[in-house]
Amino acid sequence: DEENIDSDRTINDEIIANLKRCKFCIADFTFHSKGVYFESGHALGQNKKVIYTCRSDEFKNAHFDIRPLQHIIYDTPSELTKKLIDKIDAWVK
């Protein structure tokens, strides 16, 4: 959402193009942005690995359809960074 996109492309075009190029997707459900559902669902549709994350105080508000998914639950950005590094090293590389 911080890139300047040519006028003939939509933000969804850019998101899809970036998802096609990535090895995996990190989907953070903190604050429950509706866009994260689109992005993570599209990544799954492309057979990409998706790492689900959510800040611990927000997870109690998670929608029923994402609760069963394995999430990295974190309290601080530094904790999230460590857990992401561990997950990527073990699961994605």
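Here His63 passes the criteria (1) free of Cβ contacts under 8 Å to residues at least 40 places away in the same chain; (2) in contact with a Lys or Arg (Cβ under 9 Å, 6 or more places away or on another chain) except the one numbered (2). Taken over region 44-58, residues that are surrounded by 15 or more Cβ atoms within 10 Å (Cβ to Cβ) and over 24 Å from Ile16 (Cβ atoms) amount to 1. Of everything listed in (1) modelled with pLDDT of 90 or more; (2) touching a strand residue (DSSP E or B) at 6+ places or on another chain (Cβ under 8 Å), the single unmet condition for Ser78 is (2).
Just wondering, is there one or more residues in region 63-77 that are within 25 Å of Asn12 (Cβ to Cβ) and surrounded by fewer than 11 Cβ atoms within 10 Å (Cβ to Cβ)? Within region 63-77, one or more residues are within 25 Å of Asn12 (Cβ to Cβ) and surrounded by fewer than 11 Cβ atoms within 10 Å (Cβ to Cβ). Which residues, counting only those in region 41-83, are part of a helix (DSSP H, G or I) and among the acidic types (Asp, Glu)? Those that are part of a helix (DSSP H, G or I) and among the acidic types (Asp, Glu): Asp57, Glu58, Glu79. Give region 18-40 a look and list any residue that's assigned to a helix (DSSP H, G or I) and surrounded by 12 or more Cβ atoms within 10 Å (Cβ to Cβ), or say none. Scanning region 18-40 gives Asn18, Leu19, Thr30, His32, Gly35, Val36, Tyr37, Phe38, Glu39, Ser40. Based on this model, can you work out whether Ile88 counts as touching a helix residue (DSSP H, G or I) at 6+ places or on another chain (Cβ under 9 Å) and surrounded by 15 or more Cβ atoms within 10 Å (Cβ to Cβ)? So Ile88 does not fit the description; no.
The values are calculated or read from the model by the stated rules, or taken from the named source; none is laboratory data. Every value quoted in this text rests on a predicted model; they were computed, and no experiment measured them. Glycine also receives a Cβ, built like all others from the backbone with ideal geometry; neighbour counts cover every protein chain displayed.
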